[in-house]
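Below is one structure, written out as structure tokens, with a few remarks after it.
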Amino acid sequence: MSPDYRVDTRLAAYARSRDFRSCTPETRRNYATDIRLLLDFLWSRGRAWTEAREQDLEDFEHWRRQEKSNPGRIGGTKWDRELAAFMHLYKWAVRNKIVTRNPVATKQVMGRYGQVLTVAEGRAKDARSSNVHWLTPRTWRRWIDVGLRGHTKDGVPESGWVGRIEDRNVAFVKVLVSSGLRRSEGGSLLAFEVPQRRLNGGRYYRGKISAAVTRVEEGPDVLCRLGGHRGRRGLRGLLPGLGGAPRSTTRPV
């Protein structure tokens, strides 16, 4: 819906298209958010999205990434994601004769297996596929205590701290960090889906997540470390408050 409360039937058709519906729920959510930002930018220029030009996209990139007066500037990785959303929209619009030309400048490159690919010309050169920061075990434990358990730097509970669900939060973070699951994947686990097969008597458990909450066609196998420090709480430490509930309980983690 535009700022003047009108529904754009062409955008509605895009949202109902097979191209858009075939994307994962997370991708659809990200594309919708990114496209909305571009629509607002074009609206401020008195231009409909079907009237966008290459110059508009270049100016939008400058605003998103370089403009000093913009307090929310983004990096190259985020810009590449937004550019992918614009490419997806305008490729669909060109194919359905809604626009005559894609305003996203493109170029052809050689793919990994020798195929010719058409990609956006404005892809960021400073984009990083990963941004890894290492913590020592001591720093990690301190982060858990201060950030999630409400402790002070001296290792004692902060005065006035009320943390009724701190055990749940700590367990959730440990599962995500040890397994590499996304928040939506770890947050969708049910009690009976929690891994219970230990690998060769070690600290890690093997489990499987549903394909519906991940980006792959088949639910992948995952490894995660469950329980508290030195195994004090064991497997059920992942489910604070579950206590003696029956095994058939389907309570979210």
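Just so you know, all these numbers are worked out from the coordinates, no wet-lab data involved. None of the values given here were measured: they were computed from a predicted structure. As a convention, Cβ positions derive from the backbone with ideal geometry for all residues, glycine included, and neighbour counts pool all protein chains shown.
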Just to verify a number: FRET efficiency for residue 139 and residue 47, C-beta to C-beta distance, R0 = 51 Å, to 0.05? 0.55
So which trypsin sites (Lys or Arg not before Pro) in the stretch 132-200 end up in coil per DSSP with only 12 or fewer other C-beta atoms within 10 Å? 153, 164
Need the list of lysines near residue 153 for cross-linking: C-alpha distance under 21 angstrom, and skip anything on the same chain fewer than eight residues off. 174
Sparsely packed trypsin sites (Lys or Arg not before Pro) within the stretch 1-89, loop by DSSP, other Cβ within 10 Å at most 16: 6, 45, 47, 53, 68, 73
Dividing the Cα radius of gyration by the Kirkwood radius, what Rg/Rh value follows for the stretch 1-89? 0.96
Just in the stretch 93-190: which chymotrypsin sites (Phe, Trp or Tyr not before Pro) are loop by DSSP and have at most 15 other Cβ atoms within 10 Å? 113, 134, 161
Expressed as a whole number of Å, what is the distance separating the alpha-carbon centroids of the stretch 1-45 and the stretch 141-197? 35 Å
Nearest-0.05 FRET efficiency for residue 95 and residue 22 at R0 = 25 Å, using Cβ-Cβ distance, is 0.95
How much length, in nm to one decimal, is gained on full extension between residue 29 and residue 117, taken as 0.36 nm per residue of separation minus their Cα-Cα distance? 29.1 nm
